[in-house]
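Trainee: One structure follows; several queries about it will come next.
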Amino acid sequence: MGTEPTYHDSQKIPEGAQSDGRLQGELTDTNLSANDNEKKDKAERKKKDDNQSYWRLVRRQYKKNRPARVGLWIIMFFVVTALFADFLANNKPIICKYQGTWYVPVVHEYLVGIGFSSWGKEEFANDKWKELDYDVSIWPPVPYTSRDNDLDNSFVAPFQTGDHSHYLGTDQLGRDLLAGLIHGSRISLSIGIVAMGIATLIGVLLGVLAGYFGGWVDIVVSRLIELFLNFPVFFLIITIVAFYQDSEPNALIFLIMAVIGLTGWMNIARLARGEVLRVRNMEYVTAAGALGFSSPRVIFRHVLPNSLAPVLVAIAFGIAAAVLTEAALSFLGFGVPPTVVTWGSMLSEARGNVYAWWLAIFPGIMIFLTVLSYNLVGDGLRDATDPRLKL
Amino acid sequence: MSDKRLLLEVKDLKVHFPVYAGIFQRKIATVKAVDGVSFTMYRGETLGLVGESGCGKTTVGRTIINITKLMFHDAEITGEILYHMPNGEVIDFANLTKKKMRPYRSEVQMIFQDPYSSLNPRMTVQQIIEEPLTIHRPEMSKEDRRKRVLMLLDRVGLQAEQGGRYPHEFSGGQRQRIGIARALATNPDLIICDEPVSALDVSVQAQVINLMLDLQEEFDVNFLFIAHDLSVVEHISTRIAVMYLGHIVEYGGSEQVYFNPTHPYSRALLSAVPQADPDSGRATRTILEGDVPTPLNKPTGCPFRTRCPIARPDCANGFPSFEEKESGHWVACPYVEAGVEA
């Protein structure tokens with residue numbers, strides 16, 4: 001009995017041909033790629049196929065989806081931007097030679113921030129970097145942080161370079177818009193990821209428990225889901241944030257993440273529960289029971305890995321929703337504290353200065369792109385993990 | 001065979017599933033999937049359990065290896081399932097808790113019907129076969145386990161390098177071989193084969209059946225073979241029990257039951273087996289009327305009386321007792337004689 005099916009001159013395999021269920025994953029796959037240079041494709045696949053796992057199949061399917069790929073690239077671009085925000089937009093040089101000594105102020109700033117080092121020179125500590133006389137200096141592409149006021153240059157329109165370099169313009173206080181966008185990506189991305197991380201943890205845990213153990217556990221969890229679904233989440237967040245308005249900026253940001261997460265797990269829990277209910281009745285789970293495996297082992301080795309695909313899709317959509325929620329909160333002024341610049345708070349500034357169109361357009365585009373990308377990724381994942389691909 | 005050693009005694013096994021409805025989830029009915037089944041299995045013989053879909057044969061198998069309660073928490077199980085260990089110890093599997101059952105899991109195993117859903121798609125074949133060993137033979141080293149997996153792969157007719165592959169890369173027959181290897185991993189005493197070949201092509205069926213016969217000898221394992229295909233069961237079994245609607249209605253040596261079916265239901269079942277030779281001249285062909293009654297609301301007395309061609313009014317009075325029609329051939333019908341057409 002051969003393992004590899006050979007399709008020597010198969011043009012297109014009709015849907016019905018799969019009804020015997022034999023090697024369905026590969027059949028579906030061949031079906032989709034049937035049009036373009038089949039032979040090369042096939043030879044290539046034969047090499048890879050030797051140890052192909054489910055996720056490898058999913059990845060290949062995902063790659064065929066152009067919008068989803070673009071979405072992933074955009075997200076990756078934002079992630080890189082967020083990671084290197086201090087090197088992209090900062091009010092101090094990346095590397096400089098000052099009075100005969102080399103400095104790396106941006107990195108130095110991190111060390112000072114966590115208390116490992118001090119600035120040493122007074123002119124450094126005063127944050128007057130631009131007034132110093134350097135022997136050599138390399139500046140970040142945007143020589144401002146998101147908080148730097150430049151009152152001489154308030155409401156500069158985009159693309160009007162004078163002796164300043166506010167590429168995308170400034171707001172009322174002369175804060176650079178591009179710097180704000182770059183630094184704001186940190187908040188937006190981390191809110192999405194942390195909030196959904198919390199939601200996923202709660203949702204998967206409760207969903208799996210409900211689905212696997214059934215009975216009263218299921219009843220309790222299902223009622224809990226329904227209860228939470230009835231919360232007017234947005235107003236709940238506004239209320240909670242209002243109570244803690246005076247706390248530390250970072251603590252407040254985390255509080256917002258936590259609240260979004262704690263009120264956003266229901267969808268994931270429902271999906272996880274449904275999937276677990278399906279997988280639980282598969283014979284390999286029965287077999288695991290017959291082999292005497294413990295419940296945790298059955299859950300983590302047999303049930304969970306087979307029920308996570310739809311949850312992954314929900315997570316992608318959930319991140320998009322969390323980013324939107326944060327933007328909406330900041331726009332209303334209930335979100336992150338005023339000292340922290342986010343895309344949402346930039347938008348809310350545009351509200352008062354309608355003629356400064358750039359203040360509305362650019363942060364809007366960023367939010368739009370982020371949410372769109374996560375939705376594209378979610379769509380792509382849903383298609384790539386489609387049950388027709390199921391093994 | 002004077003020194004027949006007992007393997008399994010099932011005594012008056014009943015498996016009932018309550019049905020709940022309404023907002024208060026009141027119990028409104030009971031599905032009597034298995035309703036008083038008794039049989040004995042001896043070492044060295046294969047018992048075939050036959051019956052149509054829904055007659056409870058799978059439930060019997062699952063209950064013997066004590067996974068009915070795992071799948072349906074509210075199942076009500078009564079009766080005794082006495083397992084005689086090779087060392088003479090006797091354990092009652094019925095209603096044994098999950099924890100107490102665990103030490104015996106390596107002795108009783110199961111081969112499943114659907115080769116497509118009985119293997120975890122996210123694990124390689126190697127991992128699938130190795131997993132029972134990691135649980136039940138913790139003293140084995142990693143290398144020993146790997147060696148045993150390779151040995152098992154070889155015995156079931158797969159190549160060593162196929163161990164790294166995933167189940168979806170195999171055909172149905174190959175998957176069933178993997179399932180057999182998994183069941184054999186811990187060297188069990190008894191394997192419940194739940195329609196192991198009914199999902200396979202006929203040509204592959206024969207290969208798998210023959211493989212199982214070979215392995216039975218090599219691994220000294222006993223089979224309880226559940227199937228609806230009588231010719232398959234006749235080939236592999238030493239004795240056959242015919243089930244109908246939760247009851248065993250006929251019980252005897254495989255040739256006795258296959259060539260000389262006596263209970264009216266067995267006769268109807270056997271006459272449905274297609275014959276390759278049109279001139280073989282089967283005397284009559286019994287065609288049953290109507291459907292199997294629902295196990296929710298079974299007929300009183302003999303469960304078969306609603307469809308029985310020779311039913312009489314007094315069939316409604318209690319389940320008929322077993323009568324030994326010929327040596328070792330028990331039939332639960334007072335109105336038939338072995339070898340005599342009704």
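Every number here is computed from the coordinates shown, using simple stated rules; none is lab data. The structure displayed is predicted, hence computed values, not measured ones. When we count neighbours, we look across all protein chains shown, and the Cβ atoms used for this are built from the backbone with ideal geometry, even at glycine.
Trainee: Can you list the HN-Hα couplings for region B:174-188, worked out from phi with the Karplus curve (6.51, -1.76, 1.60; θ = phi - 60°), rounded to whole Hz and with x for Gly and Pro?
Mentor: My calculation for region B:174-188 gives 5, 4, 5, 5, 4, x, 5, 4, 5, 5, 7, 3, 8, 6, x Hz in order.
Trainee: Here's something else I'd like to know. Report the dimensions of region A:73-212 along its three principal axes from the alpha-carbon atoms, largest first, rounded to Å.
Mentor: The Cα atoms of region A:73-212 stretch 68, 40, 26 Å along their principal axes.
Trainee: Please tell me the relative contact order of chain B in percent, rounded to the nearest whole number, where contacts are Cα pairs under 8 Å and at least six residues apart. Spell out each step's value before the answer.
Mentor: Values: 633 pairs, mean separation 62.5, N = 342.
Averaging sequence separation for qualifying contacts and normalising by length gives 18 percent for chain B.
Trainee: Helix B:125-136 versus the longest principal axis of chain B: what is the Cα-based angle in degrees, 0 to 90, to the nearest 10?
Mentor: Helix B:125-136 sits at roughly 80 degrees to that axis.
Trainee: Where does region A:182-327 land on the Kirkwood hydrodynamic radius, alpha-carbon pairs, in angstrom? Let's see the in-between values first.
Mentor: Working: mean 1/r = 0.0612 Å⁻¹.
About 16.4 Å for region A:182-327.
Trainee: Please compute, for peptide B:93-101, the average count of beta-carbon atoms on other protein chains lying within 10 Å of each residue's beta-carbon. Please report the intermediate quantities before stating the final value.
Mentor: Details: counts 0, 0, 0, 0, 0, 4, 2, 0, 1.
Counting other chains' Cβ atoms within 10 Å and averaging over B:93-101 gives 1.
Trainee: What ranking, highest mean first, results for peptides B:72-79, A:355-362 when packing means the other Cβ atoms within 10 Å averaged over each residue?
Mentor: Values: B:72-79: 15.2, A:355-362: 17.8.
Per-residue Cβ counts within 10 Å, averaged per peptide and sorted highest first, yield A:355-362, B:72-79.
Trainee: Same structure again: Would you pull out the residues with amide H under 5 Å of B:Thr46's amide H, same chain only if 5 or more places away, H placed 1.01 Å from N?
Mentor: Those qualifying (amide H under 5 Å, at least 5 residues apart or on another chain) are B:Thr238, B:Arg239.
Trainee: If you take the C-alpha gyration tensor of region B:27-109, multiply each eigenvalue by 5 and take the square root, what semi-axes do you get, largest first, in whole Å?
Mentor: Working: eigenvalues 101, 61, 23 Å².
Calculated on Cα positions only, the semi-axes equal 22, 17, 11 Å.
Trainee: Something else: With only alpha-carbon pairs counted, each pair once and no self-pairs, how large is the Kirkwood hydrodynamic radius of region B:110-212 in angstroms? All intermediate terms of the calculation are to be shown ahead of the outcome.
Mentor: Working: mean 1/r = 0.0735 Å⁻¹.
By the Kirkwood definition, the hydrodynamic radius is 13.6 Å.
Trainee: What's the Cα-based Rg to Rh of region B:196-305, Rh via Kirkwood? Mind showing how you got there, number by number?
Mentor: Details: Rg = 15.8 Å, Rh = 15.8 Å.
Taking Rg over the Kirkwood Rh, I get 1.00.
Trainee: Once amide H atoms are built 1.01 Å from N in the peptide plane, which residues 5 or more positions from B:Gly36, or in another chain, come under 5 Å H to H?
Mentor: Counting only residues 5 or more places away or on other chains, the set is B:Leu13, B:Lys14, B:Val15.
Trainee: Could you tell me how far the Cα centroid of region A:152-216 sits from the Cα centroid of region A:61-134, in Å?
Mentor: 18
Trainee: Given Cα positions, please report Rg to Rh for region A:91-139, the hydrodynamic radius being the Kirkwood one.
Mentor: On the way: Rg = 10.1 Å, Rh = 10.9 Å.
With Rh from the inverse mean 1/r over Cα pairs, Rg/Rh is 0.93.
Trainee: Would you work out if region B:127-184 is rounded, prolate or oblate? Take a ≥ b ≥ c from the square roots of the eigenvalues of the alpha-carbon gyration tensor; rounded if a/c is under 1.5, else prolate when a/b is larger than b/c, oblate otherwise.
Mentor: Numbers: a/c = 2.03, a/b = 1.81, b/c = 1.12.
Prolate, since a/c reaches 1.5 and a/b exceeds b/c.
Trainee: Taking H placed 1.01 Å from N in the peptide plane, check which residues at least 5 places from B:Ala29 or on another chain put their amide H under 5 Å from its amide H.
Mentor: Those qualifying (amide H under 5 Å, at least 5 residues apart or on another chain) are B:Val19.
Trainee: Cα centroid distance between region B:237-260 and region B:101-115, in Å?
Mentor: Cα centroid of region B:237-260 versus Cα centroid of region B:101-115: 24 Å apart.
Trainee: Averaged across the residues of A:276-284, what count of C-beta atoms belonging to other chains lies within 10 Å of each residue's C-beta?
Mentor: That works out to 4 on average.
Trainee: Ignore the peptide's own chain and count Cβ atoms of other chains within 10 Å of each Cβ in B:119-132; give me the average, rounded. Can you show the working numbers first?
Mentor: Values: counts 5, 12, 9, 11, 6, 2, 0, 0, 1, 2, 0, 0, 7, 6.
Averaged over the peptide's residues, the number is 4.
Trainee: Next question. So, how do all the Cα-to-Cα distances of chain B break down into 10 Å bins, in percent, from 0 on up?
Mentor: For chain B, the pair-distance distribution reads 5, 24, 32, 25, 12, 3, 0.
Trainee: Taking the alpha-carbon centroid of each part, what is the distance from region B:138-164 to region B:168-218 in angstrom?
Mentor: 16
Trainee: Right, here's the next one. Mind checking the alpha-carbon convex hull of region A:185-241 and giving the volume per residue in Å³?
Mentor: Numbers: hull volume 4.6 nm³, N = 57.
Cα convex hull per residue, to the nearest whole number: 81 Å³.
Trainee: Just the projected area, averaged over all directions, of the convex hull on the alpha carbon atoms of region A:240-391: how many nm²? It would help to have the intermediate numbers written out before the result.
Mentor: Numbers: hull surface 46.7 nm².
That works out to 11.7 nm², a quarter of the Cα hull's surface.
Trainee: At a temperature of 37 °C and a viscosity of 0.692 mPa s, determine how fast the protein assembly as shown diffuses translationally according to Stokes-Einstein, using the Kirkwood radius over alpha-carbon pairs as Rh; express D in µm²/s, rounded to the nearest whole number. Can you show the working numbers first?
Mentor: Working: Rh = 31.1 Å.
This corresponds to a translational diffusion coefficient of 105 µm²/s.
Trainee: Per residue, how big is the convex hull around the C-alpha atoms of region A:131-226? Give it to me in cubic angstrom, could you? Intermediate results must be reported in sequence, preceding the final value.
Mentor: Details: hull volume 15.8 nm³, N = 96.
It is 165 Å³ per residue.
Trainee: Next question. Suppose we keep just the DSSP beta bridges with both residues in the protein assembly as shown; what percent of those would be antiparallel, to 5?
Mentor: Numbers: 41 of 59 bridges.
Antiparallel: roughly 70 percent of the beta bridges in the protein assembly as shown.
Trainee: Based solely on its DSSP helices, what 222 nm [θ] is calculated for chain B when runs of n ≥ 4 H residues each add -39,500 (n - 2.57) and the sum is averaged over all residues, nearest 500 deg cm²/dmol?
Mentor: Details: 10 runs with 94 residues, N = 342.
Result for chain B: -8000 deg cm²/dmol, rounded to the nearest 500.
Trainee: Still on this structure, I have one more. Could you list B:Lys4, B:Lys298 so that the one with the fewest beta carbons within 10 Å of its beta carbon is first and the one with the most is last? Spell out each step's value before the answer.
Mentor: Details: B:Lys4 12, B:Lys298 17.
Ranking B:Lys4, B:Lys298 by Cβ neighbours within 10 Å, fewest first, gives B:Lys4, B:Lys298.
Trainee: Once phi is turned into ³J(HN,Hα) by the Karplus curve 6.51 cos²θ - 1.76 cosθ + 1.60 with θ = phi - 60°, what whole-Hz value does each residue of region A:75-87 show in order, with x for glycine and proline?
Mentor: Once θ is set to phi - 60°, the couplings for region A:75-87 become 4, 5, 4, 5, 4, 4, 4, 5, 5, 9, 3, 5, 8 Hz.
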